[in-house]
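Dropping the structure in here first, questions after.
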Amino acid sequence: MNGDASVVICGGGVIGLATAYYLGKRGVAALVIEADSVASGASGATAGLLSQPTLEQTRSPLGPLLQASFEAHLELAAQLPEESGVDYEFARSGMLQVSLSDEEELGDRQRVE
């Protein structure tokens, strides 16, 4: 980079880096400033955990946002290793959903079938 950034982003965690990534996709030069090292704070402590929203979460007002965020991460997981040359060891694993009543079970079955 030649030092001509249009945007300065304070923080090299998941939000700062995602912001820089998407700005770059749009041709906007961004400079990320991080006090320590990339993903060394809270972003590095989560072990990369981003879970698919549970059925209960999808029923909440934030449900569509949670689902869209998860799907965006799946897209990034397919693109980033090739674009960056860095394998960040993305892996999908299963999830157990427990229905606590017959009514919940019926609703859960309808949603996943």
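Can you name every one of the helices (runs of 4 or more DSSP H) wholly within the range 32-96 that holds 2 or more residues which are at pLDDT 85 or above and open to solvent by 70 Å² or more (accessible area, probe 1.4 Å)?
Output list reads 63-84.
From the residues in the range 20-31 that are surrounded by 15 or more Cβ atoms within 10 Å (Cβ to Cβ) and either modelled with pLDDT under 80 or touching a Gly at 6+ places or on another chain (Cβ under 9 Å) (or both), which one is nearest to residue 72 (Cα to Cα)?
In this case the residue turns out to be 20.
If I ask for residues that are in contact (Cβ under 8 Å) with a residue 24 or more places away in the chain, touching a helix residue (DSSP H, G or I) at 6+ places or on another chain (Cβ under 6 Å) and under 26 Å from residue 18 (Cβ atoms), which ones from the range 59-113 would you list?
90
Tell me yes or no: at least one residue of the range 12-19 is surrounded by fewer than 11 Cβ atoms within 10 Å (Cβ to Cβ) and either outside any loop (DSSP other than H, G, I, E, B) or out of contact with any helix residue (DSSP H, G or I) (no Cβ under 6 Å at 6 or more places or on another chain) (or both).
no
The values are calculated or read from the model by the stated rules, or taken from the named source; none is laboratory data. Only a predicted model underlies this, so the values are computations on that prediction, with no experimental measurement involved. Cβ sites come from the backbone with ideal geometry, for glycine too, and all protein chains shown count toward neighbours. The accessibility values were calculated without ligands, DNA or RNA, using every heavy atom of the protein model including side chains. Shrake-Rupley method; radii C 1.70, N 1.55, O 1.52, S 1.80 Å.
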